[in-house]
Amino acid sequence: MPQLEISDLITAVDPADGHRLPVRRAKVVEQLRANGDGRAARIVAGLPADRDGVLDAGAVDHLLISVHTELQRLSEELRIGERLVHLLDPLFTAIRATGQPGPYRLVDIGCGLGYLVRWLAATSALPPEVELVGVDLDAALVGEADHLTHAEGLNCRFVHGNAFTLPEAATVYVSTGVLHHLPEPALTDFFRAQGASPALAFCHYDIAATGLAPIGAWMFHRARMRHPLGRHDGVASARRAHSDETLLRAAAASGMRPLLYEPRRAANPFCTTLRPVLGLRPQLEAPLRQALGRASRRLLGPEQFAQAAR
């Protein structure tokens, strides 16, 4: 049976507009038990609910904000910002080289508390003509991200809603730790929506599907996460990670050029925690490789990936 994450089950929203929907605790508990995950079922059974058995929205929001705050430690220790800039800076150089005028808009899908967008704004790591936008369907997380942005005096913004229905189109879509939440059919639709948009590229970082990933996730979350939900979901995330082959196949549905950077077979599994899948409009690949220099050897398309697998 597929691994389930508690955080995916205890909130529900309308995917079109992010409108909050009620979630019955007993239904989630039953779903987890039917999936053979008694530990997760017990965690959910301990969450507060009203007299009708609907999970307390305020308590759930408070819990998820707390868990996402602790997850920022993972982003900091894995240097997520630096990893993305390593690709995004040459990517925007490539976009400029094709004659595409600015300003440009980077949209972080499923931004959570907005760590990546806030880090980019705080460090000025990208050119000033890049507007930074975080989008999430969870209103509580977006509200907290907005609060942190104002407290830190940063030049970025956050939107509650669907990243693909924004009034202003993205130039580049990014995400961190989102892809494993999507089963393969939904993953294909996710990439297809980006290809149908005016966006020029996407760059999505997610957990590398290695045999060591669940062990590493267990060690980190045991040491860093205080709530049992965070510990459970951290390991579940690693077990749900998509293979390189699945990512390339799904990304190809976008109609863009699918590429993997440092795929599993080309990297040391002891050092591989996250790796990105990219999609580029055809005119961007050559200038991106030029901007990456020697690092472009780590960027593999489907044909190079298949050759490396032999």
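Some points to look at:
- Pairwise alpha-carbon distances in the chain exceed 30 Å for 32% of all pairs.
- Shown is the FRET efficiency for ARG298 and GLU76, computed with R0 = 30 Å from the Cβ-Cβ distance and rounded to the nearest 0.05: 0.80.
- Computed FRET value (nearest 0.05) for GLN307 with HIS86, which takes r as the C-beta separation and R₀ as 22 Å: 0.35
- Amide H partners (placed H, <5 Å) of ASP108, local residues excluded: VAL133, GLY134, VAL135, VAL174
- Multiplying the residue separation of ALA26 and ARG224 by 0.36 nm and subtracting their alpha-carbon distance yields 68.4 nm.
- The chain, relative contact order in percent, only Cα pairs under 8 angstrom and at least six apart counted: 17 percent
- Linear extension gain, ARG33 paired with GLU245, 0.36 nm per residue minus alpha-carbon span: 73.2 nm
- Cβ-based charge dipole, the chain, positive-most Cα from GLY36, LEU106, ALA49: GLY36
- Among ALA213, ALA97, GLY177 the positive-end extreme of the charge dipole of the range 64-309 (Cβ point charges): ALA213
- Mean Cβ count within 10 Å, highest first, over the residues of peptides 105-114, 78-87: 105-114, 78-87
- Between the amide H of ALA49 and those of ASP56, distances stay under 5 Å, these residues lying 5 or more places away or on another chain, with hydrogens modeled in the peptide plane.
- DSSP-defined antiparallel bridges as percent of all bridges, the chain, nearest 5: 50 percent
- Extending 7 Å from the Cα toward the beta-carbon at both THR93 and SER124 defines two label points whose distance is 1.9 nm.
- Percent breakdown of C-alpha pair distances by 5 Å bin, ordered from the shortest bin, for the range 6-62: 4, 20, 31, 23, 14, 7, 1
- Taken as entire DSSP H runs, the helices of the chain that both span 27 Å or more between Cα atoms along their own long axis and average -1.0 or more on the Kyte-Doolittle scale are 57-77.
- Residue ranges 294-301, 277-284 sort as 277-284, 294-301 when ordered by packing (mean number of other C-beta atoms within 10 Å per residue, highest first).
Only the coordinates and a few stated rules stand behind these numbers; no lab work does. Only a predicted model underlies this, so the values are computations on that prediction, with no experimental measurement involved. When we count neighbours, we look across all protein chains shown, and the Cβ atoms used for this are built from the backbone with ideal geometry, even at glycine.
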